[in-house]
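Take a look at the structure below.
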Amino acid sequence: MSSSETFVIVGASLAGAKAAQALRDQGFAGRIVLIGAEQHLPYERPPLSKGYLAGSAEREKVFVHPESWYAEHDIELCLNQSVSRLDRDARVVELADGTQFGYDKLLLSTGASPRALSVPGADAEGVHLLRTLDDSDTLRALLPTLSRLVVIGAGWIGLEVAAAAREAGVEVTVVESAELPLLRVLGPEVARVFADLHVQHGVDFRFNASLTEIRTSAGRASGVTLGDGTVIEADAVLVAVGVTPNSQLAEAAGLSVDNGILLDSSLCSSDWRIFAAGDVANAMNALYNKHIRVEHWANALNQPTTVAASMLGQRAHYDQLPYFFTDQYDLGMEYVGHVDPGGYDQVVFRGDVAAREFIAFWLKDNRVLAGMNVNVWDVTDDIKRLIRSETGIDAGRLADTGTPLSELVTVAG
Ligand SMILES: Cc1cc2nc3c(=O)[nH]c(=O)nc-3n(C[C@H](O)[C@H](O)[C@H](O)COP(=O)(O)OP(=O)(O)OC[C@H]3O[C@@H](n4cnc5c(N)ncnc54)[C@H](O)[C@@H]3O)c2cc1C
């Protein structure tokens, strides 16, 4: 491995910082340049809609590494700098001010950006998105001052902010185009658990609703109007309608892009010198034998180990099961596996759903595709083994809490 090589990483968040770490851990002695558009040290986003937003988690805890770590590991950290062009022939990336960095290998860990709305009023003051530490700081300062918040979108971030706002005593209305929260990701059986949770905590859901406008008063958001003419008043509006991958650089440079940067299972793009990881990566998953783009923390945490090995010329394949977690009120959960919308034929519950202490399994043809443990802990490895198991599962035994999960696993993963 040559110590005269330069590896450039564009995107200084979890995936970028972990990739820099993995490259050093795996012995790369060359130059590493980590370029990030944000002014902050690389940080983790999950606390931004949970403990940090609620004021219970300290700011220092969100950073991936302390500032000194980068100098100690000889990582050139260029913050507050956005790469505006990638020239694959010259093998350089260029900043907006014209500064160029040459590379031998390039990692794009540019993440994703929240979708904005295009209805009238969408850019008014008092309309918020939540992606960055700065967004979270703004909302954190705002929550204690609010009486009423409207959240557009009942996905994970919308629901987590709804929970934080309810706990701060704010009246919350969640507007959702589907008939339940999280319907596409969970299906109706488990989506109902989240609907009940929030209703019990006083959230006012408006399902099957379309948004016509964000109402304004003196230029500030004052509520929303729905498609059926309903007006909901609010002091602030949070738009949480999903994200799109930041693949513009890759696309303009002619890399294969389709719902993120297309990668093989070694996380290499259509250019052998360019790799990607994290939210922007639409990677072939060797386990599922198809491309999957995962917008979750564990993916941004784990892909860097594989991508670093690949950048260093080793044979490496990413085949980890997607994993994510959430905390809302007194519900903590972990989800592992992957199910396409409607891609299952049965949900098996194990435990007490009403008490919100259970595991849900999504099955197809008696095979476990995914599992979610709600307020039940230390079962993720067993669920992973069930998913990787090559034989069918007896749904009755799976539902029976008297049968240890480990007994149901016939092939270790
Ligand atoms: C509020 C919130 C809560 C979340 N909660 C959870 C959770 O509970 N569980 C879970 O599993 N996941 C959660 N996630 C998702 C998780 O945080 C993401 O999957 C993770 O941040 C992805 O990391 P990343 O490094 O790939 O991308 P990002 O975190 O998006 O970082 C990409 C970085 O690249 C920078 N960048 C982009 N383009 C350029 C450019 N041209 N030049 C320079 N820099 C550039 C961006 O500014 C950004 O800093 C949450 C996300 C948010 C926003």
Inter-residue pairs, beta-carbon under 6 Å, first touching a residue at least 24 places away in the same chain (Cβ under 8 Å) and in the stretch 30-54, second assigned to a strand (DSSP E or B) and near the ligand (Cβ under 8 Å from one of its atoms), 6+ apart
Ile35/Val10; Ile35/Val83; Lys50/Asp327
Residues that are within 16 Å of the ligand (Cβ to nearest atom) and under 13 Å from Gly126 (Cα atoms): list the strands (runs of 3 or more DSSP E) wholly contained in the stretch 215-258 that include at least 1 such residues.
236-239
Being assigned to a loop (DSSP other than H, G, I, E, B), hydrophobic (A, V, I, L, M, F, W, C) and closer than 21 Å to Ser147 by Cα, is that true of even one residue in the stretch 165-177?
yes
Top-ranked residue in the stretch 161-189 [being farther than 14 Å from Gly55 by Cα and acidic (Asp, Glu); ranked as farthest from the ligand (Cβ to nearest atom)]:
Glu179
Conditions (1) closer than 30 Å to Thr173 by Cβ; (2) more than 16 Å from the ligand (Cβ to nearest atom); (3) touching a residue at least 12 places away in the same chain (Cβ under 8 Å) -> Gly343 fails only (1)
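Tally the residues that are within 16 Å of the ligand (Cβ to nearest atom) and free of Cβ contacts under 8 Å to residues at least 60 places away in the same chain, restricting the search to the stretch 142-160. Spell out the reasoning first.
Just the residues of the stretch 142-160 that are within 16 Å of the ligand (Cβ to nearest atom), to begin with: 142-143, 149, 151-160.
From what is left, the residues that are free of Cβ contacts under 8 Å to residues at least 60 places away in the same chain are 154.
Summing the residues that are within 16 Å of the ligand (Cβ to nearest atom) and free of Cβ contacts under 8 Å to residues at least 60 places away in the same chain in the stretch 142-160 gives 1.
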How many residues, within the stretch 102-134, are in a strand (DSSP E or B), within 14 Å of the ligand (Cβ to nearest atom) and closer than 19 Å to Ser13 by Cα?
6
Which of the residues that make up the stretch 116-125 are at pLDDT 95 or above and either crowded, with 18+ Cβ neighbours inside 10 Å or hydrophobic (A, V, I, L, M, F, W, C) (or both)?
Leu117, Val119, Gly121, Ala122, Ala124
Output the number of the condition that Gly102 fails; it satisfies all remaining conditions of (1) farther than 30 Å from Val170 by Cβ; (2) touching a helix residue (DSSP H, G or I) at 6+ places or on another chain (Cβ under 9 Å).
(2)
Look through the stretch 274-300, keep the residues that are among the aliphatic types (A, V, I, L, M) and crowded, with 22+ Cβ neighbours inside 10 Å, and return whichever of them is farthest from Leu106 (Cα to Cα).
Val294
For residues that are near the ligand (Cβ under 8 Å from one of its atoms) and among the β-branched types (Val, Ile, Thr), scanning just the stretch 276-320, find the one that is modelled with the highest pLDDT.
Val280
Residues (near the ligand (Cβ under 6 Å from one of its atoms) and in contact with a Leu (Cβ under 9 Å, 6 or more places away or on another chain)) located in the stretch 31-51
Ile35, Gly36, Ala37, Glu38, Arg45, Leu48, Ser49
Exactly one condition in (1) buried (at least 20 other Cβ atoms within 10 Å of the Cβ); (2) in contact (Cβ under 8 Å) with a residue 40 or more places away in the chain is not met by Asp271; state its number.
(1)
Cross-chain or 6+ apart pairs with Cβ under 8 Å, the stretch 71-89 first and farther than 23 Å from Ala253 by Cβ, then of a type in the set (Ser, Thr, Tyr) and away from the ligand (no atom under 14 Å from the Cβ)
Leu77/Tyr70
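Hey, can you tell me all the residues within the stretch 30-58 that are among the polar types (S, T, N, Q) and over 18 Å from the mean Cα position of the chain (by Cα)?
Residues of the stretch 30-58 among the polar types (S, T, N, Q): 39, 49, 56.
The answer is Gln39, Ser56.
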Kindly list, by first and then second residue, each pair from a residue in the stretch 115-137 that is within 23 Å of Leu41 (Cα to Cα) to a residue that is exposed (fewer than 15 other Cβ atoms within 10 Å of the Cβ) and aliphatic (A, V, I, L, M), limited to pairs with Cβ atoms under 9 Å and residues at least 6 apart or on different chains.
Leu129/Ala116
Any idea which of (1) under 22 Å from Phe275 (Cα atoms); (2) surrounded by 15 or more Cβ atoms within 10 Å (Cβ to Cβ); (3) of a type outside the set (Ser, Thr, Tyr) is the one Asp87 doesn't satisfy?
(2)
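Look at Phe63 and say whether it is more than 7 Å from the ligand (Cβ to nearest atom), without any contact (Cβ under 8 Å) to a residue 60 or more places away in the chain and buried (at least 16 other Cβ atoms within 10 Å of the Cβ). I'd like the intermediate steps shown before the answer.
On the way: more than 7 Å from the ligand (Cβ to nearest atom): yes; without any contact (Cβ under 8 Å) to a residue 60 or more places away in the chain: yes; buried (at least 16 other Cβ atoms within 10 Å of the Cβ): yes.
Answer is yes for this residue.
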Would you list the strands (runs of 3 or more DSSP E) that sit entirely within the stretch 1-88 and hold 2 or more residues that are in contact with a Gly (Cβ under 8 Å, 6 or more places away or on another chain) and under 26 Å from Leu312 (Cβ atoms)?
6-10, 31-35, 75-78
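Looking only at the stretch 315-353, filter to residues that are part of a strand (DSSP E or B) and aliphatic (A, V, I, L, M); which one of those is farthest from Gly187 (Cα to Cα)? Steps first, please.
Initially, the stretch 315-353 is screened for residues part of a strand (DSSP E or B), giving 323-328, 331-337, 346-352.
Filter again for aliphatic (A, V, I, L, M), leaving 331, 333, 336, 347-348.
Values: Leu331: 19, Met333: 16, Val336: 15, Val347: 9, Val348: 12 Å.
For the stretch 315-353, the residue satisfying everything is Leu331.
Within the stretch 1-47, which residues are among the charged types (D, E, K, R) and out of contact with any helix residue (DSSP H, G or I) (no Cβ under 8 Å at 6 or more places or on another chain)? Spell out the reasoning first.
The initial filter retains those residues of the stretch 1-47 that are among the charged types (D, E, K, R), namely 5, 18, 24-25, 31, 38, 44-45.
Answer for the stretch 1-47, where residues must be among the charged types (D, E, K, R) and out of contact with any helix residue (DSSP H, G or I) (no Cβ under 8 Å at 6 or more places or on another chain): Glu5, Arg24, Arg31.
Given the options Val193, Val174, Val231, Val241, name the one that is under 29 Å from Gly343 (Cα atoms) and either of a type in the set (Asp, Glu) or free of Cβ contacts under 8 Å to residues at least 40 places away in the same chain (or both).
On the way: Val193 fails: either of a type in the set (Asp, Glu) or free of Cβ contacts under 8 Å to residues at least 40 places away in the same chain (or both); Val231 fails: under 29 Å from Gly343 (Cα atoms); Val241 fails: either of a type in the set (Asp, Glu) or free of Cβ contacts under 8 Å to residues at least 40 places away in the same chain (or both).
The match here is Val174.
The values are calculated or read from the model by the stated rules, or taken from the named source; none is laboratory data. On a predicted model such as this, the values are computed, not experimentally measured, just so you know. Backbone-built Cβ (ideal geometry, glycine too); neighbour counts: all protein chains shown.
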